[in-house]
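Colleague: Would you mind keeping the following structure in view while I ask a few things?
The values are calculated or read from the model by the stated rules, or taken from the named source; none is laboratory data. Because the structure is predicted, anything quoted here is derived from the model rather than measured. Neighbour counts run over all protein chains shown; Cβ positions are idealised from the backbone, glycine included.
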Amino acid sequence: MRFQNYLYNISLKIKYINAKSRPCYQSRLFELTFLKQYIIIGEVIYLVEQALLRFIELN
């Protein structure tokens, strides 16, 4: 949960920076889709990490 909050805070900061520095809709949209992919990858890594930790604890 802490990891997701961390990623969410990063996404908010990046959205804020994009909104301030780039009014261009297209580039902002591209960066948001890129950011969504980054968050999904981060969540997958986090879940794999948790699964590995549980596996190690059991064995």
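Colleague: Based on this model, can you work out whether Ile10 counts as surrounded by 12 or more Cβ atoms within 10 Å (Cβ to Cβ), within 9 Å of the chain's Cα centre (by Cα), assigned to a helix (DSSP H, G or I) and modelled with pLDDT of 65 or more?
Modeller: Against the criterion (surrounded by 12 or more Cβ atoms within 10 Å (Cβ to Cβ), within 9 Å of the chain's Cα centre (by Cα), assigned to a helix (DSSP H, G or I) and modelled with pLDDT of 65 or more), Ile10 qualifies.
Colleague: For a quick check of your reading of the model, give me the residue pairs whose first member lies in segment 23-48 and is farther than 25 Å from Arg2 by Cβ and assigned to a helix (DSSP H, G or I), whose second is modelled with pLDDT under 70 and not aromatic (Phe, Trp, Tyr), with beta-carbon atoms closer than 7 Å and at least 6 apart or on different chains.
Modeller: From segment 23-48, the pairs are Arg28/Asn18; Arg28/Arg22.
Colleague: Does segment 30-50 hold any residues that are over 12 Å from the mean Cα position of the chain (by Cα) and not acidic (Asp, Glu), and which are they?
Modeller: Phe30, Leu47, Val48, Gln50
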